[in-house]
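Taking it in order: structure first as structure tokens, then the write-up.
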Amino acid sequence: MSEEKKTDLVDVQINGDWHQFPKGTRMIEACRQIGVDVPHYCYHPKLTSPGNCRMCLVEMGMPPRLAPGAEPELDEDGHQDIQWMPRPAIACANTIAPNMGIRTDSDLTKMCREGVMELLLINHPLDCPICDQAGECSLQEFSVEHGHGGSRFREEKVKKPKNVDIGPRIRLDDERCIMCSRCIRFCDEIVDDPVLGFTDRGSHTTLTVHPGQELANNYSLNTVDICPVGALTSNDFRFQMRVWFLKETKSFCTDCGRGCNTVIGSRETEIYRQTPRENNDVNSTWMCDRGRLNFHYLHSEARLTEPMLRRPEASTHQNVTWKEAIAHAAQAITDHESGEIAIVASARLTNEELYMVKRFAKAFDIDLIATVPRIGEDDDYLSAADKNPNTNGAKIILGDKTENQLDTVRSKVNEGSVKALIVIEENLLNQGFTKEALESLDSLIAIHLLANSTASAADVVLPFAGFAEKRGSMINVTGRLQRLNKAIDAPGQVLEVWEILRDIIQAAKGENGIYTIEDLFKLMANEIAAFDGLSLAKIGDLGIPLIETDKTIPLLEREKERIASGLIVG
Amino acid sequence: MGKKKIKYIEGKEPHEREYRLVFKNVDREGWDPSIETFLKEDGYKQLKKALKMKPAEITEEVKKSGLRGRGGAGFPTGVKWGFIPPNNEKPVYLICNADESEPGTFKDRYIIHQDPHQLVEGMIISCFAVGANTAYIYIREEFPEGAEILEQAIAEAHDHGFLGDNILDSGFDLQIYVHRGAGAYICGEETGLIESLEGKRPYPRIKPPYFPAALGLYMCPTIVNNVESLCDVKHIMEMGGDEYAKLGKPRNTGTRILCVSGDVQEPGYFEVEVGSVTMGEVINDLCGGLKKGRKLKAVIPGGSSAKVLRAGETYKIKQGDEDVEIGLEDIPMDFDTLAACGSMAGSGGVIVIDDSRPIEWVLNNINTFYAHESCGQCTPCREGSLWMKKVTDRVVNGQASPDDIDTLYSVAKNIDGRTICAFGEACSWPTESFIEKFKDELVAATNPDNSGELVSPESELAAAGLK
């Protein structure tokens, strides 16, 4: 190590052992780095540190201040003696100093933690049995470690507002609130919507929304995530499921091109919630409400669960076996010249699915492939202007021009030169196609997730699996390759898009199939240079940068500035 | 000066033991708060002198004077001024803390009401010394008349060229603004005050990193001084730091206004040389003794947050090189001796308690105040102050058990030293010291039969005090 580097490291004694940490490290982070967790409520590395909960108080000491000219007395390891201070220090906001001592296991530290725990609970309603936070509540966790079985509090508790409607998606229980101010700071510092604040004072301090305002910004549900207790709960999730029953699956949000990393909470075949997962190259620890709540469609009543056919003589679709449906689709395709067939795919599909579209087109010599661009507005935080989650994947796999092919497909359908159309995911009636034009096709093969007017005009309807029901990868707007994991089984007879396309090829051509998504990925990696040497496993939980883009993420840029100025840890 | 022949309003003459410096014009016959009256008595003469000096020389005089802050903490004023970072390029602010809220303290209001120009002159000199071009007087909401008087005084000072741009052709600019609080004790805490001045809830800031002299108002260097301290600066200019330091005692220099309240014949304010009178002399000489037939029970020597001293106690202190043992009435009223006796000179508010007062009533009175005034930012004080009050409510109402006194003590200990600001000590020291010194009497007010009984409805006291 160079001399210069050495001076950037600071010697700190934690629980008797000496360690080195970079200068400027907060005491709480230094402890964390060596596996010593310091309990805390108000501290959040992405927010400023008000030091208000006092849960992270630790015993702290410094070497004695020397008289001018005096030489420090050193022990055999070359460290100065530590003078322990009678007054504990908060570990969250204080940074380490050379030869500082920290004790997280001393009597003083224990007394502080027990004292704060007791004080936090005296006016708390202790309604854990009906509290949504139960099971992931810091009050519960730290009570186990630092609390007592009984209470010495014999007084009447302070009464505060309950079940307060502070915004369209959030409910507040002021009696559960421990006034850590994380939600206030989030609104103020991260989303520039400072609508929350405290009123009253002392033990009667009450979190509330400013008069005439509501907590309605598109990031409001992050306050529920960072609330260490059950004060803020999500209207969508409350009373739906005990959190300890939830299986957690790492995934990412497919609502726009950002691809915010998530954890999907599911039990059996149902998703109960989606929460953001830290990824400092994508979404920090946040996500927007719109994306977070955009999983309910998977459980919609309109969900297609069986393959269906509408035979020429019938007026409605009928459930059929996959074998029949695939055979019908294969026949419809082989009945046509390749020039009479077009595909409308989607930049909402995974790379693997899009690659299967490519193989499918090749198998039947189909040239005309379109995708539907979805450009909306970005919001200067996380939400990207590109509302397709995998535009970059579609461009790499299907080529740049598919984005511009929709008009061609539409006019060819209208003029009757395209006679068979395969549409995946997209509702063409929302894209300028007319019902008459679609009905005039010899065959419309609709691979869809939900019943819609395009599927209703199709002769073959093939149901596919949604983002939480399959594995696969996408490339977000900043060029990061990320991985979806399967959280739940798809309902009914639903198959994945790549399986459906494979089966049609197999039925028409009798070729050997591809049996796993790994195999499919391998084929894709062999064919498309960008994926060379990769596999689903190699993508990992946080994804990998795949292609260079010039795009920055506004929220992350601001976060970097705040880290650099020492305001937050990050 | 103090000894000069000044006629005071009949019945309000200073006591012969007093040394009137800051309070020279308080209750003075024919005196009014106008600038004309002030100018007749060499008003703003010290400002003219100061503007001819170098700012560092003024700070040096204040350091030499040994002046310790009169707001409560007793921190040396000159040293505080010296904490402004030497390479500072940001604006510097000076704030006069006129949020006088500590129960038992009522000195600053007299300066503001009767001699506002003394404060304004002291402030201008101080601002010149620390390099502040903007200053604020943060005055508590409960002094509406004082705020108007100060506004008037500032306007007059402007008219006479003592404020504004290029003061007296010195090139020094200064604006002073009066900012009225909204009625919270915590605004007297300097970082809470700064937050309040910035338009936020007065939540005290964590130190480190927010030491006001470096990161104060709008994250700029800020000096917060008490009204009396800023007035003292004017007198230090007049006398010179060395002369001022001859008043009082070494390390405890100058004069101090004692505010005596409670069970004495003649409560009131007395400006004395620091340490020149003993507690006994305060009670018996300055205040005419205890009420008839009453015995001294206790004294809270420096505002309600100071630890109580019990009559009959003895204290070991150093006199010169000698260890001596003294009684409560022998304690000289200076910073260091009161600290050595386990309490503090604080804000100068001396609260005398005689044997007619049940001690649980006194403690509950104090606890009610602190429970009401806790800002609620940090856990121990927010939750603990009300808990302590609820327990002492029960002691007063005869609903407590002896165990409750032990609980009370441990709650106080769980607040003390664990909070963001000194309010934690302010609210826990009374309980700690009352239990340490009057446990017998507190336990006697309880009943073992109450043990274990859960108390439900909030007492009437609680309802009246807090709802």
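All alpha carbon pair distances within chain B were sorted into 20 Å bins beginning at 0; the resulting P(r) in whole percents reads 24, 55, 19, 1. Here is the P(r) of segment B:322-414: all C-alpha pair distances, binned every 10 Å from 0, give 14, 34, 35, 16, 2 in whole percents. Over all Cα atoms in segment A:261-366, the spread is summed up by Rg and Dmax: 19.4, 57 Å.
For chain A, the longest principal axis of the C-alpha atoms and the axis of helix A:497-509 are separated by about 30°. Principal axis extents of the C-alpha atoms in segment A:427-525 (largest first, rounded to whole Å): 41, 38, 27.
Legend: P(r) of chain A from all alpha carbon pair distances, 20 Å bins from 0, whole percents, reading 18, 42, 27, 11, 1, 0.
Starting from a Cα-only point model with no solvent, please compute log10 I(q)/I(0) by Debye for segment B:14-55 at q = 0.18, 0.21, 0.28 1/Å. One equal scatterer on each Cα of segment B:14-55 leads to -0.67, -0.79, -0.99. Cα axis of helix A:322-334 to longest principal axis of chain A: angle in degrees, 0 to 90, nearest 10? The angle comes out near 60 degrees.
In this simple spin-label approximation, B:SER451 and A:ASN163 carry label points 7 Å from Cα along the Cα→Cβ vector, and these lie 4.2 nm apart.
Shown for segment B:286-335 is the translational diffusion coefficient from the Stokes-Einstein equation, using the Kirkwood radius over Cα pairs, a temperature of 37 °C and a viscosity of 0.692 mPa s: 261 µm²/s.
Spin-label pair A:SER151-A:ASP105: with each label point 7 Å from Cα along the Cα-Cβ axis, the two points sit 3.2 nm from one another. At a Förster distance of 56 Å, what's the computed FRET efficiency of A:ASN485 paired with B:PHE75, Cβ-Cβ distance as r, to 0.05? Plugging the Cβ-Cβ distance into 1/(1 + (r/R0)^6) gives 0.40. On a 0 to 90° scale, report how tilted helix A:554-564 is relative to the longest principal axis of chain A, with both axes built from alpha carbons and the result rounded to the nearest 10. The angle comes out at about 20 degrees. Computed on chain B, with alpha-carbon pairs under 8 angstrom and 6+ residues apart, the relative contact order is 15 percent.
Using the Karplus relation 6.51 cos²θ - 1.76 cosθ + 1.60 with θ = phi - 60°, the per-residue 3J(HN,Hα) values for segment A:292-309 come to 4, 8, 7, 10, 4, 4, 5, 9, 5, 5, 7, 5, 7, 10, 10, x, 9, 10 Hz, with x marking Gly and Pro.
Its alpha carbons considered, segment A:475-570 gives a radius of gyration followed by a Dmax of 19.2, 64 Å. Extension gain, A:LEU66-A:GLU136: 0.36 nm per intervening residue step, less the Cα-Cα distance, totals 20.4 nm.
Just so you know, the Rg over Rh for segment A:187-303 is 1.00, from Cα atoms, with Rh as the Kirkwood radius. The convex hull defined by the C-alpha atoms of the protein assembly as shown has an orientation-averaged projected area of 52.3 nm². Which percent of the Cα-Cα distances in segment A:91-152 go past 13 Å? The calculated P(r) of segment A:91-152 puts 69 percent of pairs beyond 13 Å.
Over all distinct Cα-Cα pairs of segment A:197-253, the Kirkwood formula returns a hydrodynamic radius of 14.1 Å.
Taken together, the values in this text are just the output of simple stated rules run on the coordinates, not laboratory data. These numbers come from a predicted model, not from an experiment. All Cβ positions, even for glycine, are placed from backbone atoms using ideal geometry, and neighbour counts span all protein chains on display.
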